[in-house]
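For reference, the structure is listed below as C-alpha cells.
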Amino acid sequence: MEQSRLLIAIALSFLIFFLWSITFGPKPSDQAVEQTQENADATHRQKQVPAARPDSAEVEQSAAAKKEGEGTLPQADARRITVNTPLYRMVISERGAAVVSMVLKNYQETVRKDSPAKELIPKGLPGGTVLLSMTGISGDDLLQGVYKADKPENVTIQDAPGEVRFSYQTPDNLRIEKIYRFAPDNYLIDLMITVRNGSDKALGGALKIAIRDMADKDQGAYGFEGPSGLINNQLEQIKIKDIEEQKILEGKIRWIAIERLYFMESLISKVPADARMVLAYENNVLENNLLTSFGEINPSDQRTFEFSLFLGPKSLSVLRAANNELDRAIDFGWVDFIAKPCLWFMNFIYRFIPNYGVAIMILTIVTRLLFWPLAQKSYKSMNDMRKLQPLMQKIREKYKNDKAKINQETMALYRTYKINPLGGCLPMLIQLPVFFALYRMLYQALELRHAPFFGWINDLSAPDRLFNFAFKIPFMEPPFGIPVLTLIMGATMILQQKMSPAPGDPTQAKMMMLMPIVFTFIFINFPSGLVLYWLVSNLVSIAQQYYTQKRLA
C-alpha cells in the first residue's frame, strides 16, 4: 500500500515537472521548428517601432533631449561597412556606428539545406544594436550622427586581426571615436570608445552603451531567454515580464547580455567596475544598457573606455574559450553541477562517433549503468512485493470493509517477510536529480540544434514527425505528422508498468494505467533528443528489471 502510494507520488512529480515546463517554459514547437521560432519571430520583428529608453534618472535628461531633437539633425549619407571573418559577417552602419547585421556562417536559420546562415540582428530592430549615448550631450547627436569610417565598405579579416575606426564630431565640438577590433578565429570583438573634449566646458556624466533585440514579453524559457548580467560575481537573469520591477541593477559589472535559447549578445567590461545595468522593454524592443559614470573630462582632454562584444552561439566550449566568465551564462539551475559534466561527456562521445543521437544513447546507457546497483535494489524490492501480491489480495478480501485492518495486516506481512515497502522507491528518488539534469541539458544544448539522427529525424531539437500532414492533429504542435519515437516510448512505459507490481487500490491502479498515456501526449511536442533519451532509459530499465526477475524467480 505504502509503496504504491509513493510510486504514484513519484509519477505525479514527473507529471507536474513536465506540465510546468510546458506551461511556463518555451513551447516545444518554438525551439523545435525553426519556422515557428526564428523565422516567425523575424516576421514579427519587421514592425518599425521606436527604441525603448531606460528608466534611469541619469539618462532621463538625455532621453528627453533626444525626444525634442528628433528630426532636427541633417540626414547625411551613411555607408554600411561589411566585415567578413571566417566565422561571421558583421555590418556596421555609419549612422551611430551601430551594428545592424550579424550573420553566423556556421549556423543556419532552419534545418533545410538551402537555408540562409543565421542572422542575430532582427531586420525590424530600429537603429540596430551597440548604441552609444552620453548624459550631457543633447538630442540625437550620438545615436543619429554619422560616424565616418576609415575603411572601404568591404573589409576582410582572414589571417590577422583588423579594425575599423568610426569618428564623429558633435555640434558641441566633442569628437567621438568607436573602434571595432576583429579577430579571425573567435566571436570576441574589442570595442574602444574615445571621447575628446574640444569644447570650452568640462564634460561630466555617464556613458551608456545599449545592446538591443526584439523579444516577446511572453517568452521565457525553461532555458532562460532575456536580459542578464554578471554583477558582483553573481549571475542575474531577469525575465522580460519582471523588468518593470527590476529595471536597474547596480554593482561591479563583468558583463551584460541579451540571451536567447541558443545564441547571445553580450557587452563585456575589460575591467569590472561599479556601474549600472539598466533594462527597458517597449513595443517588443528589449534593451540592456551598461551605464558607467566617468566623472569629468576637462577641455582639451580625452577619455578612453574599453569593452569587448560577443555576438555568437551559447556553446559552453565557445564561451569558455572566450574567457571573461561568459560560460556562466549557461546555467542549468539547481542541477547545473550534474548537467554540465553530462554535456561535456556527450560532446566527448561525439568526437569519436559524430552522431548526437548515438551520443545521447550512449550517455543514457552509461548513466543508467552507474546507477545499476541502486536500480537493482529497487527491482529486487519490487520483485519481493510481487511475490506477496496473492497474500495481500487475501487480506483485502478478508477485511474489505475495514481499511485500518487492511493496513495493519499488510504492515505485519511486510515485517514477517522482512520487506521494506519503500525499498523500491528510495533508489529511484536518488536518481531523480540526474534525470532532471539530463532533461535540462538536452533541452538547452546548442549541439542538438539541427543535429540529425537518422531517417526522418533530421533535427534532434525538433519533435520527431514521420510525414507532414496538411491537417491539424489534436494536442500536437506543427508540423503535423506521426511521432514515431514518442509512440514507441509510450509503449515502453506500458510494458514497464506491466512488469511492476500493481497497486492494491483499484483507484490507484487506474491512475497508474493512465500515466503512460498522459506522458505520451506530453512528449509528442518535445524535442526528439529528449524523447530518445527517455526511450533508451526505459529500455535499459526494462532489461534490468527482466534480468532481476529472472535471477530471483
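The table that follows gives values for the structure above.
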| quantity | calculated |
| --- | --- |
| Which listed residue, of Asn288, Asn283, is at positive phi, assigned by TED's automatic domain parsing to the domain that holds Arg181 and more than 17 Å from the chain's Cα centre (by Cα) | Asn283 |
| Test: residue in segment 309-316 that is within 17 Å of the chain's Cα centre (by Cα) and over 14 Å from Glu265 (Cβ atoms) | yes |
| Strands (runs of 3 or more DSSP E) wholly inside segment 224-312 that include at least 1 residues being among the β-branched types (Val, Ile, Thr) | 226-231, 248-259, 263-282, 285-297 |
| Of all residues in segment 511-548 being more than 37 Å from the chain's Cα centre (by Cα) and either surrounded by fewer than 15 Cβ atoms within 10 Å (Cβ to Cβ) or at pLDDT below 75 (or both), the one that is farthest from Pro479 (Cα to Cα) | Tyr547 |
| Listing of strands (runs of 3 or more DSSP E) fully contained in segment 77-154 that carry 2 or more residues being within 26 Å of Ser293 (Cα to Cα) and among the acidic types (Asp, Glu) | none |
| Failed criterion for Tyr350 (all others in (1) hydroxyl-bearing (Ser, Thr, Tyr); (2) touching a Cys at 6+ places or on another chain (Cβ under 9 Å); (3) farther than 26 Å from Tyr547 by Cβ hold) | (2) |
| Single residue of Ala206, Ala202, Ala183 found to be crowded, with 19+ Cβ neighbours inside 10 Å and either touching a residue at least 40 places away in the same chain (Cβ under 8 Å) or not aliphatic (A, V, I, L, M) (or both) | Ala206 |
| Filter result (aliphatic (A, V, I, L, M) and within 21 Å of Lys314 (Cβ to Cβ)) within segment 182-208 | Ala183, Leu188, Ile189, Leu191 |
| Some residue of segment 238-260 being in contact with a Leu (Cβ under 9 Å, 6 or more places away or on another chain) and among the small types (Gly, Ala, Ser) | yes |
| Options Leu73, Leu142: the member that is buried (at least 22 other Cβ atoms within 10 Å of the Cβ), at pLDDT below 90 and more than 20 Å from Tyr262 (Cα to Cα) | Leu142 |
| Selection from segment 246-281 of residues that are surrounded by fewer than 20 Cβ atoms within 10 Å (Cβ to Cβ), among the charged types (D, E, K, R) and closer than 18 Å to Phe294 by Cα | Glu250, Lys252, Lys270, Asp274 |
| Selection count where residues are out of contact with any helix residue (DSSP H, G or I) (no Cβ under 6 Å at 6 or more places or on another chain) and either buried (at least 16 other Cβ atoms within 10 Å of the Cβ) or hydroxyl-bearing (Ser, Thr, Tyr) (or both), scope segment 317-344 | 9 |
| When residues of segment 168-180 are limited to those that are in a strand (DSSP E or B) and touching a Ser or Thr at 6+ places or on another chain (Cβ under 9 Å), the one surrounded by the fewest Cβ atoms within 10 Å (Cβ to Cβ) | Arg175 |
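For every residue, the table says whether it meets (1) surrounded by 17 or more Cβ atoms within 10 Å (Cβ to Cβ); (2) at pLDDT 95 or above.
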site	(1), (2)
Ala98	yes, yes
Val103	yes, yes
Tyr107	yes, yes
Arg112	no, no
Gly127	yes, no
Val130	yes, yes
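The values are calculated or read from the model by the stated rules, or taken from the named source; none is laboratory data. Computed from a prediction, not measured in an experiment: that's the story for all the values here. Virtual Cβ from ideal backbone geometry, glycine too; neighbours counted across all protein chains shown.
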